[in-house]
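What follows is calculated from the coordinates using simple rules that are stated; it is not laboratory data. Quantities reported herein were computed from a predicted structural model and do not represent experimental measurements. Using ideal geometry, Cβ is built from the backbone for each residue, glycine included, and neighbour counts are taken over all protein chains shown.
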Amino acid sequence: MKLLDKATSNFNKQLPFVLYAKPNEQILHGFFQENDALHVFENQSGFVFSSFYNQTNVVFPESESEIFQEEINVEIEDASALIENELDENAQYSFKSIVRKAVAEIEKGSFEKVVLSRKIEISQTVDFIKSYQKLLISYPTAFRYVWFHPKVGMWMGATPEQLAKINNKTFETVALAGTQVFSENILWQEKEQVEQQLVTDYIKNRIGNFVDNLAVSDTYTHRAGNLVHLKSDISGELKPSFSEIEVIQAIHPTSAVCGMPLQAARNFILEHENYNRNYYSGFLGEFQIQEQTNLFVNLRCCEIFNDNIKNQNKVNIYVGCGITKDSNANKEFIETENKAKTILRVLVFK
Ligand SMILES: C=C(O[C@H]1C=CC=C(C(=O)O)[C@@H]1O)C(=O)O
């Protein structure tokens, strides 16, 4: 595929690019910059890459990029091989202890829900082109991307969560929460239903002032690779007095990646997670391209370091899960391991 070759060429020249495919579409899109300028996102139209909190929000502006599309046509061997991640006892111990601390805070009434995450580091050199091809064909219902900027790094992911779709004042988002490993007979426990309802209520509350005709669908099971989630679709008409960016800022970060109330949950995360999320659980996608905004939450993702000069070749996989008063630390840890498999399944090492 031509765009894969163009991405390789941009990477070799250390020039920014993004390749992406939208859920259930067979079209690969590419934005390519011809120089390595770092454009800070200030509502210009383009491909946005925004952090969870307080990092530089980057854009590949439409006006500064070469933009291409082509049909997806990949042929790779063995799309299902899974690299086993060795169990890290220390990581397990520290993650479980933060989960227990969070449950104790919830019981004290400090907040209702918090999403806690961790970073799994694997010291291997990733072949990003082969890995991305595997990701493209393995998760056709996800937003699948690989993004690179020499001043920021390389990220790749297959996210099931839409943050916002805005087309001609029609606003759509989703409330996604609750996780199980895929099987034929899925039954949802009360804990997961409560967790998902909290996300729905949070979004309704945050966008209530910005949209008319707010509508929420029934909750249904959504498959995301080897996992399933509970999901409902939320929509409305953006009021003429509000801009797109205002409503986006009102919902990011949703309580599917941060918690509620927002500030207390975010403070707990910043104080206890012990690492910087960077762009994990931020958002990315098209901002006002052909009058459409189509943004996704950066989940099921990894950061790829391919730097032979600094001898830094590794990949960090980012995974998190929602903690409520009924959370069990052991189960939450297993959930993060299961989520990591989304990326582990597609990584190809050199
Ligand atoms: C925070 C993540 O997932 C969120 C999205 C769906 C279900 C989730 C859960 O069940 O905890 C999380 O809120 C992640 O994948 O890192």
Checklist outcome for this item: Sorted largest first, the C-alpha extents of the chain along its principal axes in whole angstrom are 53, 53, 40
Next on the checklist: Given points 7 Å out from each Cα along the Cα-Cβ axis, report the residue 97 to residue 5 separation in nanometres with one decimal.
Outcome noted: 5.4
Checklist entry - Roughly how many nanometres apart are two label points built 7 Å out from the Cα toward the Cβ at residue 64 and residue 334? => result 4.8
Checklist entry - What's the extension gain from residue 127 to residue 86 if we count 0.36 nm per residue and subtract their Cα-Cα distance? => result 12.7 nm
Item to check | Chain lengthening between residue 220 and residue 242 when straightened (0.36 nm per residue, less Cα-Cα) | outcome: 4.9 nm
Checklist outcome for this item: Checked against the positive end of the charge dipole of the range 165-291 (+1 on Cβ of Lys and Arg, -1 on Cβ of Asp and Glu, about the Cα centre), the farthest of 285, 213, 176 is 285
Checklist entry - Local charge sum around residue 271 (other residues, Cβ-Cβ under 12 Å, Lys/Arg +1, Asp/Glu -1)? => result 0
Checklist entry - Going 7 Å from the Cα of residue 35 toward and past its Cβ, which residues in the range 106-150 have a backbone nitrogen under 19 Å from where you end up? => result 149-150
Next on the checklist: Give me the mean projected area, in nm² to one decimal, of the convex hull enclosing the Cα positions of the range 16-155.
Outcome noted: 11.7
Next on the checklist: Just to be sure I understand the model, the point goes 7 Å from the Cα along the line to the Cβ. What's the resulting residue 44 to residue 168 distance in nm?
Outcome noted: 2.9
Checklist entry - At what distance in angstrom do the alpha carbon centres of the range 269-301 and the range 187-206 lie from each other? => result 21
Checklist outcome for this item: Lys and Arg at +1, Asp and Glu at -1: neighbours of residue 328 with Cβ under 12 Å from its Cβ sum to +2
Checklist outcome for this item: With 0.36 nm assigned to each residue of separation and the Cα-Cα distance removed, residue 272 to residue 292 gains 3.5 nm
Next on the checklist: Using the Cα centre of the range 232-350 as origin and beta-carbon charges of +1 (Lys, Arg) and -1 (Asp, Glu), tell me which of 312, 301, 235 is placed farthest towards the positive end of the dipole.
Outcome noted: 312
Next on the checklist: Using each residue's phi in the range 44-55, evaluate 6.51 cos²θ - 1.76 cosθ + 1.60 at θ = phi - 60° and report the 3J(HN,Hα) Karplus result to the nearest Hz, with x for Gly and Pro.
Outcome noted: 6, 6, x, 9, 9, 9, 10, 7, 5, 7, 6, 9
